[in-house]
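Data block below; observations after.
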Amino acid sequence: SQFEVDLYQNESACQTPLDRQYHEEILKLEKAGGRKNYRIFTYTDHDRFTNLEEHCQKVTDSDHEVPSYLAERMANVRRRRQDHRPIEASSLKSKIVTWEPSEEFIKNNHVINTPVQTMYIMGDLGPYGKLGHREYEHVLCTIKVDGNGVITVKPDFTGTKGAYRIELDGEKREVWKYTIENASVQVQPEEEEHEQCVFRDLYGRHKEYLSGLVGSEFEMTLPGTLRLFVNGEIVSAQGYEYDNLYVHFFLELPNQWSSPAFQQLSGVTQTCATKTVGWDNVAYFCYPFTLEMFFTQGDESEDSLPQWPVLYFEVLSLDFWQRYRVEGYGSLVLPASPGLHMLTIPTWRPVELGTVAELRRFFIGGSPELEDITYVRIPSTFKGERLSRFGFRTETTGSVTFRLYCLQQSKAFLETSALRQRMQSVLDRLGGFSQQSSVYNVLEAFQRARRRMQEARESLPQDLISTSASTV
């Protein structure tokens, strides 16, 4: 800029090695006949303007803006490539906590500090004869390159958007228009192909590295077997009468389902106090559990729909004297589709009529309980055709929220073309409500009907077929 030319002509104004380099370049320019361009110039990363520009940037376009405390603190953080790192930053990794941080350490480490190099393309928009004044210098474009190799151009290349405008309020109201074009040389096809080869080689090496970390020893399931993983969480319980709640749960496996020997099929959460959220008292458990099950299809299940495992649970409360009360029973059928499922299950509890039962429940704890918790649905010991609950009095209580992440593993997912019929019998019937199963059944029925029609037509005599065709 003309301001820098006037400043650095005097050697006494040079303070840094960069200033002295500018002084030598200005002397060479004067010997070569002077500058040929007075309007367009640049400020580089280590110029004084860069520090002032980043420190004085405004968040809004208001003339009366007062910078906030955060803006002032962030303006002091220069995202520059540090030549000499402070001693604290280069310490051993075992030093996790710095008990007495210095000011320099705080300034360099309180934010994520990505090294950035900045260049400003400036325009001296002053009137002729008054070039070199700082008030007429305006930033036309900012180019930043961070430590990851990302180049940021602001404002963007003009393209089809039209020229950018800068309006000046001075002796004459002037409007300057300028465009920003990408003048880089296009990459040659040979260079682009070489770059793609380098990228492919790099990605291949990275893929081999990841494969080496993960390994290839995966346990596969047998044909006709489905493995079900459930990573569950008892999130909360809400709407119950008493405080200090805990949940006791266990999993029932139907026929043809099994689990590993180490798998625990039951559990108890911690006792959790409730807090008031809206109109309900909510106890947040956030209790995780993991379940792993196997379904093996037998010959007797070809024409029957298999049952899915059921998670039974009961909610209990604990008082100051370590007496517990049953707050509710509930059950949850594990989802048949993989993915994330958020389920809120309502509960109920058995009650006795009369005031004495409620007084006993309030003062000494205890309440009617189920001997077999599977009575919540259909008891596992029930063998009849009708299950009657006539005369059994219950009361609706609160609800429990579950978060379930379900994963399924089966060879039928991979053998969709070779064993399509097997996939239908193993997977689609597990989720009998699947829309894909319905479409598949319709297409199969259509193909069978068309095949029977062709076979019947081929079995007819040729003279009968020709006579009927001529009659039509």
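Residue pairs whose Cβ atoms lie under 9 Å apart, sitting 6 or more positions apart in sequence or on different chains, and linking a residue in the range 104-131 that is modelled with pLDDT under 80 to a partner that is among the aliphatic types (A, V, I, L, M) and loosely packed, with under 13 Cβ neighbours inside 10 Å, are Phe105/Ile87.
Checking each residue in the range 171-191 for being surrounded by 11 or more Cβ atoms within 10 Å (Cβ to Cβ) and under 24 Å from Thr142 (Cβ atoms) picks out Glu174, Trp176, Tyr178, Thr179, Ile180.
For the residues Arg422, Arg450, Arg403, the requirement of being at pLDDT below 60 and either assigned to a strand (DSSP E or B) or open to solvent by 70 Å² or more (accessible area, probe 1.4 Å) (or both) singles out Arg422. Tally up the residues in the range 145-177 that are without any contact (Cβ under 8 Å) to a residue 12 or more places away in the chain and in a strand (DSSP E or B), please. The number of residues fulfilling the criteria is 4. Screening the candidates Leu340, Leu359, Leu353, Leu387 for the property of being open to solvent by 80 Å² or more (accessible area, probe 1.4 Å) and without any contact (Cβ under 8 Å) to a residue 24 or more places away in the chain yields one hit, Leu359.
For every residue, the table says whether it meets (1) of a type in the set (Phe, Trp, Tyr); (2) in contact with a helix residue (DSSP H, G or I) (Cβ under 7 Å, 6 or more places away or on another chain); (3) within 16 Å of Glu241 (Cα to Cα).
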| residue | (1), (2), (3) |
| --- | --- |
| Ala336 | no, no, no |
| Ile345 | no, no, no |
| Thr355 | no, no, no |
| Leu359 | no, no, yes |
| Phe362 | yes, no, yes |
| Gly365 | no, no, yes |
| Ile378 | no, no, no |
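Considering the range 12-43 alone, what residues qualify as being of a type in the set (S, T, N, Q) and at pLDDT 85 or above? Walk me through it before giving the result.
Going residue by residue through the range 12-43, those that are of a type in the set (S, T, N, Q) are 12, 15-16, 21, 37, 42.
Across the range 12-43, the qualifying residues are Gln21, Thr42.
Please find, among Leu131, Leu125, the residue that is of a type in the set (A, V, I, L, M, F, W, C) and in contact with a His (Cβ under 9 Å, 6 or more places away or on another chain). Reasoning before the result, please.
On the way: Leu131 fails: in contact with a His (Cβ under 9 Å, 6 or more places away or on another chain).
None of the others qualify; the one that does is Leu125.
Taking first residues from the range 237-266 that are hydroxyl-bearing (Ser, Thr, Tyr) and partners that are open to solvent by 60 Å² or more (accessible area, probe 1.4 Å), the Cβ contacts under 8 Å between residues at least 6 apart in sequence or on separate chains come to Tyr240/Asn281; Tyr246/Val268; Tyr246/Gln270; Tyr246/Thr271; Ser258/Thr296; Ser266/His248.
For the structure I just gave you, tell me whether Ser380 is of a type in the set (S, T, N, Q) and open to solvent by less than 40 Å² (accessible area, probe 1.4 Å).
Spelling it out, it is not the case that Ser380 is of a type in the set (S, T, N, Q) and open to solvent by less than 40 Å² (accessible area, probe 1.4 Å).
Apart from one condition, Ile180 fits all of (1) at pLDDT below 90; (2) outside any helix (DSSP H, G or I); the exception is (1). The single condition among (1) open to solvent by 50 Å² or more (accessible area, probe 1.4 Å); (2) at pLDDT below 90 that His194 does not meet is (2).
Would you pick out the residues in the range 121-144 that are outside any loop (DSSP other than H, G, I, E, B), open to solvent by 40 Å² or more (accessible area, probe 1.4 Å) and in contact with an Asp or Glu (Cβ under 9 Å, 6 or more places away or on another chain)?
Pass one, the range 121-144, residues outside any loop (DSSP other than H, G, I, E, B): 121-124, 134-144.
In the following step, the residues that additionally are open to solvent by 40 Å² or more (accessible area, probe 1.4 Å) were identified as 121, 134-136, 138-139, 143-144.
Result: Tyr136, His138, Val139.
The values are calculated or read from the model by the stated rules, or taken from the named source; none is laboratory data. Source: prediction; values computed, not measured. Counting neighbours? That spans all protein chains shown, and the Cβs are built from the backbone with ideal geometry, glycine included. The area values use the complete protein model at the heavy-atom level, side chains included, leaving out ligands, DNA and RNA. Shrake-Rupley method; radii C 1.70, N 1.55, O 1.52, S 1.80 Å.
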